[in-house]
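All remarks here apply to the structure that follows.
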Amino acid sequence: MKNAGKDMNIINVFEEDRMDNVPEEELVKPIIQTKDVNVYYGDTHALMGIDLDISPKRVTALIGPSGCGKSTFLRCINRMNDTIPTCRMTGTITLDGENIYDKKIDVVQLRARVGMVFQKPNPFPKSIYDNVAYGPRIHGLAASSTDLDEIVFNSLQRSGLWNEVKDRLDTPGTALSGGQQQRLCIARTIAINPEVILMDEPCSALDPIATAIVEELITELKERFTIIIVTHSMQQAARVSEQTAFFHLGKIMEFGDTSEIFTNPKVGKTKDYITGRFG
Ligand code: ADP
């Protein structure tokens with residue numbers, strides 16, 4: 001509690017002393033809550049009754065064998081599944097207490113609040129500068145070109161790319177190495193100051209060195225952002241996340257502190273998966 005960030009959503013701040021024995025996690029309101037989320041693609045029932053609370057400014061890892069619904073779940077959180085005609089969802093998902101499937105929600109604004117980084121780095125065919133400036137321009141976040149320069153600088157700085165690209169901001173983003181491209185995509189995502197960043201296997205196309213750099217970056221970014229990451233690498237989940245949800249056949253089999261899930265899983269299937277008995 002004493003170390004809780006000033007801007008965290010702490011319940012009962014005035015009861016701080018009395019509540020010193022209560023674990024910090026229990027005092028932090030979830031930023032995202034999902035209740036009884038079911039997703040269907042036509043007749044395929046891809047997600048079944050997903051209840052999950054995501055803590056702010058933490059990294060939550062989603063693990064599980066291929067086809068168990070991790071990406072589907074991730075895409076529900078910024079309504080990317082809306083673009084798939086056969087896809088239907090029931091249940092509720094709230095962001096800061098607001099139902100993101102409510103009719104009054106502007107999906108473009110929602111995706112600015114909940115950014116996404118994909119498996120394969122996908123910079124726009126534009127300069128490094130314009131990749132990062134793209135979001136702030138369309139959302140009108142910069143009042144002047146100096147403001148825009150500052151957003152681009154801060155975003156590249158936070159994504160650890162500034163020193164590598166500062167002398168070639170006008171060269172194409174696509175000319176960077178794979179790891180640099182992924183950090184450029186992260187810079188593009190954070191340039192519009194989202195609350196949540198969804199990452200769908202962000203390192204699976206990267207070499208081990210670029211992976212280590214991106215993992216370090218994820219650890220730094222959680223000071224400002226809530227991160228939900230799908231990963232096939234158990235080691236990565238253990239290194240970067242505080243909480244882990246294990247998905248299996250469209251359901252969450254187990255959710256809890258990453259250290260507990262990996263050292264003392266309560267469910268047999270989790271244990272089988274993390275020890276490599278299936279996957
Ligand atoms: P994971 O990310 O864990 O590999 P997915 O969310 O991609 O799992 O897939 C969950 C289930 O939904 C699978 O049975 C998959 O075949 C199905 N699915 C995923 N995307 C689509 C889609 N666009 N159309 C039809 N079925 C899909």
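Data for the structure
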| quantity | calculated |
| --- | --- |
| Folded to 0 to 90 degrees: helix 145-158 orientation relative to the chain principal axis, Cα | 50 degrees |
| Order by protection proxy (mean Cβ within 10 Å, highest first), peptides 42-54, 235-247 | 235-247, 42-54 |
| Environment charge of A61, counting only residues whose C-beta is closer than 14 Å and scoring Lys/Arg +1, Asp/Glu -1 | -3 |
| Computed E for M48/E164 - FRET, C-beta separation, R0 45 angstrom, nearest 0.05 | 0.55 |
| 0 to 90° range, to nearest 10: angle between helix 208-221 axis and the chain longest Cα axis | 80 degrees |
| Nearest-20 debye value, segment 182-279 charge dipole, Cβ charges on Lys, Arg, Asp, Glu | 260 debye |
| Helix 128-138 axis, angle to the chain major axis (alpha carbon atoms, nearest 10°) | 70 degrees |
| From phi via Karplus (6.51, -1.76, 1.60), per-residue ³J(HN,Hα) for segment 30-40 in Hz, x at Gly/Pro | x, 7, 10, 10, 10, 10, 6, 7, 10, 10, 10 |
| Fraction in percent of alpha-carbon pairs per bin - 5 Å, the chain | 1, 5, 12, 15, 17, 17, 14, 10, 5, 2, 1, 0 |
| By average C-beta atoms within 10 angstrom, highest first, the peptides 266-274, 135-143 | 266-274, 135-143 |
| Peptide ranges 120-127, 181-188, 211-218 listed from the most packed, as the mean C-beta count within 10 angstrom indicates | 181-188, 211-218, 120-127 |
| Normalised contact order of the chain, rounded percent, pairs of Cα under 8 Å and 6 or more residues apart | 24 percent |
| Helical contribution to [θ] at 222 nm, DSSP H n ≥ 4, -39,500 (n - 2.57), averaged over the chain, rounded to 500 | -9500 deg cm²/dmol |
| Footprinting exposure proxy for M199, M116 (fewest neighbouring C-beta atoms within 10 Å first) | M116, M199 |
| Where labels lie 7 Å past Cα in the beta-carbon direction, separation of V107 and I138 in nm | 1.3 nm |
| Rounded Å value of the spacing that divides the Cα centres of segment 99-122 and segment 164-226 | 18 Å |
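Coordinate-derived values only; no laboratory data. Remember, it's a predicted structure, so these values are computed and weren't measured experimentally. Cβ coordinates were reconstructed from backbone atoms using ideal geometry, including for glycine residues, and neighbour counts include every protein chain displayed.
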